Amino acid sequence: MVSRGEFLEYARVFGKHSYGTPKKWLDESRAKGLDLVLEIDVQGAAQVKEKLPESVAIFILPPSREELERRLRSRGQDSDEEIARRLARARSEIEAFGKFYDYCVVNRDVENAGREVEAILTAIRCSKPRQRGRVEKFLASFDAGGREAAG
């Protein structure tokens, strides 16, 4: 799939895991008039922004470095060396915030972070670029003669 260019974004993370988003997911979402929400890393966000500058990227940030480390350790999946590598990478990813992201949500707790993401999505759906077609359609529904008489 990678060699055939079938991914919207694709990355190899920590040298051992490969992740990607098939382009067909975007095509299917657009055909249905749905938003496509991706959970991707900074590499993926950079690729998506390059291909789709109109896309909206939300950076999910832990409340502190200490909390990030606590969360990584509580998973019980990684060695101390792996955790140190992830923390170092987190710093460089956070530094990339201004380059690729439009919003930032601090994830103190999942429920509140989820509400903030929903609020961002609602605002985006109500934005001028997203509503322009609806407004133009509404304006077109007015009688042209009535507009001239009022003007």
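So here's what we get for this one:
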read-out: Residues located in region 9-22, provided they are surrounded by fewer than 17 Cβ atoms within 10 Å (Cβ to Cβ) and under 16 Å from the mean Cα position of the chain (by Cα); value: Y19, P22
read-out: Residue match in region 104-113 (condition: within 12 Å of L61 (Cβ to Cβ) and part of a helix (DSSP H, G or I)); value: yes
read-out: Residue in region 105-125 that is aliphatic (A, V, I, L, M), at pLDDT 90 or above and in contact with a helix residue (DSSP H, G or I) (Cβ under 7 Å, 6 or more places away or on another chain) present; value: yes
read-out: Per-region count, region 53-67, residues free of Cβ contacts under 8 Å to residues at least 24 places away in the same chain and over 16 Å from I94 (Cα atoms); value: 2
read-out: Test: residue in region 95-102 that is free of Cβ contacts under 8 Å to residues at least 40 places away in the same chain and over 27 Å from S127 (Cα atoms); value: yes
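Table: residues versus (1) assigned to a loop (DSSP other than H, G, I, E, B); (2) over 17 Å from the mean Cα position of the chain (by Cα); (3) at pLDDT below 90; (4) not charged (D, E, K, R).
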{"position": "R4", "(1), (2), (3), (4)": "yes, yes, yes, no"}
{"position": "L26", "(1), (2), (3), (4)": "no, no, no, yes"}
{"position": "L38", "(1), (2), (3), (4)": "yes, no, no, yes"}
{"position": "A46", "(1), (2), (3), (4)": "no, no, no, yes"}
{"position": "E54", "(1), (2), (3), (4)": "yes, no, no, no"}
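Here's the yes/no breakdown for (1) touching a Phe, Trp or Tyr at 6+ places or on another chain (Cβ under 6 Å); (2) surrounded by fewer than 17 Cβ atoms within 10 Å (Cβ to Cβ):
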position	(1), (2)
R4	no, yes
F7	no, no
K24	no, yes
S29	no, yes
A45	yes, no
E66	no, yes
Q77	no, yes
L87	no, yes
E111	no, yes
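The values are calculated or read from the model by the stated rules, or taken from the named source; none is laboratory data. This structure is a prediction, so every number in the text was calculated from the model and none was measured. Glycine also receives a Cβ, built like all others from the backbone with ideal geometry; neighbour counts cover every protein chain displayed.
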